[in-house]
Protein chains: 2
Amino acid sequence: MSLKLTILGCHSATPRVNAHPTAQFLEIKNHNFLIDCGEGTQVQLRKYGVKFSKIKHIFISHLHGDHFYGLVGLISTFRLLNRETELHIYGPKGLKEIITLQLKLSNSWTQYPLLFHELNSDESELIFEDANVEVYTVPLNHRVYTNGYLFKEKLGERKLNTNAIAAYKEIEICDFQNLKNGRDYTLKNGTVLKNETLTFDPALPLSYAFCSDTVFFPEIVPLIKNATCLYHEATFLKDKEALAITTKHTTAAQAAQIAQLAQVNQLIIGHYSGRYKNIEDFKTEAREFFENTHLALEGKVFEIN
Amino acid sequence: MSLKLTILGCHSATPRVNAHPTAQFLEIKNHNFLIDCGEGTQVQLRKYGVKFSKIKHIFISHLHGDHFYGLVGLISTFRLLNRETELHIYGPKGLKEIITLQLKLSNSWTQYPLLFHELNSDESELIFEDANVEVYTVPLNHRVYTNGYLFKEKLGERKLNTNAIAAYKEIEICDFQNLKNGRDYTLKNGTVLKNETLTFDPALPLSYAFCSDTVFFPEIVPLIKNATCLYHEATFLKDKEALAITTKHTTAAQAAQIAQLAQVNQLIIGHYSGRYKNIEDFKTEAREFFENTHLALEGKVFEIN
């Protein structure tokens, strides 16, 4: 089992020739989620070979342009491609008005169902759930209403211990699902076999927490505790810690401290300010606090195990 | 005297890795005009070295995404760059609402004056004028309200014929401006010297007509008559003439017929449908009707004399 995260854009503020704004593509248990959608994201999706038809859910963190100005273009392109399947958009209240106004004035409503799930709570909410995956909001602290998102696999079925089962001829294939579901087994002679003697624990569920944009905000730690992988914005280095506070952004060292406090396995940082020429400095500063830190780089794919 | 036109994007519909939607940068008599602004235009401006501060007027033809989805990002970037000078936006009614809604919801109004000039007339209008340049709308016929734009130099001052003037000692430097303005000169002995004996005609004013998107629409011919250069959309080849009619677009041959009817000097075509692999075919079909046809290509600069 693994999550696969493709970085489509990882820079802050304005799109430049080689600096695309935030967008990520997450593959988790047969789901394909687009996270944020800065200007030019549809081109980045093409460039990195993501099939447009795979995307059924888009999560927007906040209504600053570098996180959503590419959304209306992507929605329009889906229309031109004759998409028929539902598209779900999760994001701050106001997003529906922005998109529908533009579609209305261009006289081009989508022929596919476009479903908005607008958010305005300051508490973490479960906003998506099916048999395999849950998605929670992670309220952040930025200049406008902003959410991170926590994507969690659900605990899978228990795994059959085929050697142990083989010792009991009377356990048949039709019993296997009950064992996978955790039930004990009662032999014909009345002996109860504990489930854990016949099965193994399922694989530990993986989780990915996406946190951008925010000031250093340890209040999120309980929400993202033990995440397999945390993406946290790191707009500045420590030389601009004061600016990070006034603009409500985070430094690389602060992002690493969040990772440390939340005891995550792995940290990815990004959303670099354009003022820094050497992105490696972000990694160096972060690793002082959290060794397993990696840089988001355009086109980089993280396999998260 | 020349106009300089830089093609920033020349393809129709959706942005792709090597196919940017419509945007052009026109330099005309010390003015710098941006014409249309598809998604990614700010990156294209950077790529082709256009200084953002030069742009004071932006002309949007219509509210289909491939012609204006890059506008809000550019406006936001101007804000981040601490622009102070006025920005004038010309485009269909509704554009102001779209832009202001997005700026309001992102809590980031511009600190520079942002002035909208919304259009809704079906008649050609003079929408900009100063001592050097005039800009007129060219109402087109598309699926939504659409204008082309005609950019015209004004006739300049007459040029002094210094040899002819030298024959008359009593004509002094302080008289030159009157001569440039076309006045006759009366000698002390009462003889009237006709202005055209002392001056040459000014350079012929140049003009650039931008026409995208539209069905084949000869009604525009009187408005763009004798333009130095015409850009006309050519979305399809003649194999898709029926589709051109239903989608209200033009074929290459039809664009060339408009150029022929309007007796322009030069035709540039663009807005190619993504279905065609060989753009050269557009030129071939157009040249059957109008020899001096050129292809819009990303990054190409046309010096129009």
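Normalised by the residues of chain A, what does the relative contact order come to in percent, with Cα pairs under 8 Å and at least six apart?
17 percent
In nanometres, what is the gap between the two model label sites at A:Asp239 and B:Lys96, each 7 Å from Cα along Cα-to-Cβ?
Calculated label separation equals 4.4 nm.
Quick check for me: using +1 on Lys/Arg Cβ and -1 on Asp/Glu Cβ, what's the dipole size of region A:159-200 about its Cα centre, in debye to the nearest 20?
The dipole of region A:159-200 has a size of about 60 debye.
Specify whether the C-alpha gyration tensor of the protein assembly as shown places it in the rounded, prolate or oblate class, a ≥ b ≥ c being the square roots of the eigenvalues: rounded for a/c under 1.5, otherwise prolate if a/b is larger than b/c and oblate if not.
Since a/c reaches 1.5 and a/b is larger than b/c, the shape of the protein assembly as shown is classed as prolate.
Taking A:Phe52 in one copy and the same position in all the others, each labelled 7 Å out along Cα→Cβ, what are the pairwise distances from the first, in nm, shortest first?
2.8
Starting from the Cα gyration tensor of region A:84-179, take the square roots of the eigenvalues, sort them a ≥ b ≥ c, and report rounded, prolate or oblate (rounded when a/c is under 1.5, otherwise prolate if a/b is larger than b/c, else oblate).
Values: a/c = 6.09, a/b = 2.26, b/c = 2.70.
Oblate shape, in that a/c is at least 1.5 and b/c is the bigger or equal ratio.
So for the pair A:His117, A:Val192, with labels modelled 7 Å out along Cα→Cβ, what separation do we get in nm?
Label at A:His117, label at A:Val192, 3.9 nm between them.
What do you get for trypsin sites (Lys or Arg not before Pro) in region A:199-241 restricted to DSSP loop and a cutoff of at most 14 other Cβ within 10 Å of the site's Cβ?
Details: sites: A:Lys225, A:Lys238, A:Lys240; in loops: A:Lys225.
Answer in residue order: A:Lys225.
How shielded is A:65-78 by partner chains, expressed as the average number of their Cβ atoms within 10 Å of its Cβ atoms?
Mean number of neighbouring Cβ atoms from other chains: 5.
Points 7 angstrom from Cα along the Cβ direction at A:Thr110 and B:Tyr276: gap in nanometres?
Each label point lies 7 Å from its Cα, and together they span 3.1 nm.
Compute the angle between helix A:252-262 and the longest alpha-carbon principal axis of chain A, please, reported from 0 to 90 degrees and rounded to the nearest 10.
So the helix axis and the longest Cα principal axis differ by about 20 degrees.
How well do other chains shield peptide B:30-41, expressed as the mean number of their Cβ atoms within 10 Å of each residue Cβ?
Counting other chains' Cβ atoms within 10 Å and averaging over B:30-41 gives 2.
Report, in degrees rounded to the nearest 10, the 0 to 90 angle that the Cα long axis of helix A:95-105 makes with the longest principal axis of chain A.
Helix A:95-105 sits at roughly 60 degrees to that axis.
Looking at region A:219-305, which GluC sites (Glu not before Pro) are in a loop (DSSP not H, G, I, E or B) and have at most 16 other Cβ atoms within 10 Å?
A:Glu288, A:Glu291
Considering only Cα-Cα distances, which of the following residue pairs are longer than 18 Å: B:Lys240/B:Lys283; B:Lys54/B:Lys93; A:Lys159/A:Lys194; A:Lys152/A:Lys300; A:Lys169/A:Lys194? Can you show the working numbers first?
Numbers: B:Lys240/B:Lys283 16 Å; B:Lys54/B:Lys93 25 Å; A:Lys159/A:Lys194 14 Å; A:Lys152/A:Lys300 21 Å; A:Lys169/A:Lys194 16 Å.
Check vs 18 Å cut-off fails for B:Lys54/B:Lys93; A:Lys152/A:Lys300.
Given region B:20-78, what percent of its DSSP beta bridges are antiparallel, to the nearest 5?
60 percent
Angle check, please: helix B:71-80 long axis (alpha carbons) against the longest principal axis of chain B (alpha carbons), in degrees 0 to 90, nearest 10.
The helix B:71-80 is inclined about 70 degrees to chain B.
How many nanometers, to one decimal and shortest first, lie between the label point of A:Glu84 and those of its other copies, if labels sit 7 Å from Cα toward Cβ?
Between copies, matching label points for A:Glu84 lie 5.9 nm apart.
If you place +1 on the Cβ of every Lys and Arg and -1 on the Cβ of every Asp and Glu, how big does the dipole about the Cα centre of chain A come out, in debye to the nearest 20? Please list the in-between numbers first.
Values: 32 positive and 34 negative charges, 143 e Å.
With only Lys, Arg, Asp and Glu charged at Cβ, the dipole is about 680 debye.
For an R0 of 41 angstrom, estimate the FRET efficiency from the Cβ-Cβ distance between B:Thr247 and A:Thr284 and round to the nearest 0.05.
0.15
With +1 on the Cβ of every Lys and Arg and -1 on the Cβ of every Asp and Glu, and nothing else charged, how large is the dipole of the protein assembly as shown about its Cα centre, in debye rounded to the nearest 20?
Rounded to the nearest 20 debye, it is 600 debye.
Quick check on the exposure proxy: order A:Ile58, A:Ile269, A:Ile258 from fewest to most C-beta atoms within 10 angstrom.
By the 10 Å Cβ count, ascending: A:Ile58, A:Ile258, A:Ile269.
Taking a point 7 Å out from Cα toward Cβ as the label site, list the nm distances between A:Glu196 and the same residue in every other copy, smallest first.
10.8
Roughly what % antiparallel, to the nearest 5, for the DSSP beta bridges in chain B?
Counting only bridges with both partners in chain B, antiparallel ones make up about 55 percent.
Once every DSSP H run of n ≥ 4 in chain B is given -39500 (n - 2.57) and the sum is divided by its residues, what mean residue ellipticity at 222 nm do you get, rounded to the nearest 500 deg cm²/dmol?
-6000 deg cm²/dmol
Mind checking which of B:His31, B:Thr235, B:Ser207 is farthest towards the positive end of chain B's charge dipole, using Cβ charges of +1 (Lys, Arg) and -1 (Asp, Glu) about the Cα centre?
The residue sitting farthest along the positive end of the dipole is B:His31.
Specify whether the C-alpha gyration tensor of region B:150-304 places it in the rounded, prolate or oblate class, a ≥ b ≥ c being the square roots of the eigenvalues: rounded for a/c under 1.5, otherwise prolate if a/b is larger than b/c and oblate if not.
Here region B:150-304 falls in the prolate category.
Here, each number is a calculation from the coordinates, and none is a lab measurement. These numbers were taken from a predicted model, which means no experiment stands behind them. Reconstructed Cβ throughout: ideal geometry from the backbone, glycine too, with neighbour counts over all protein chains shown.
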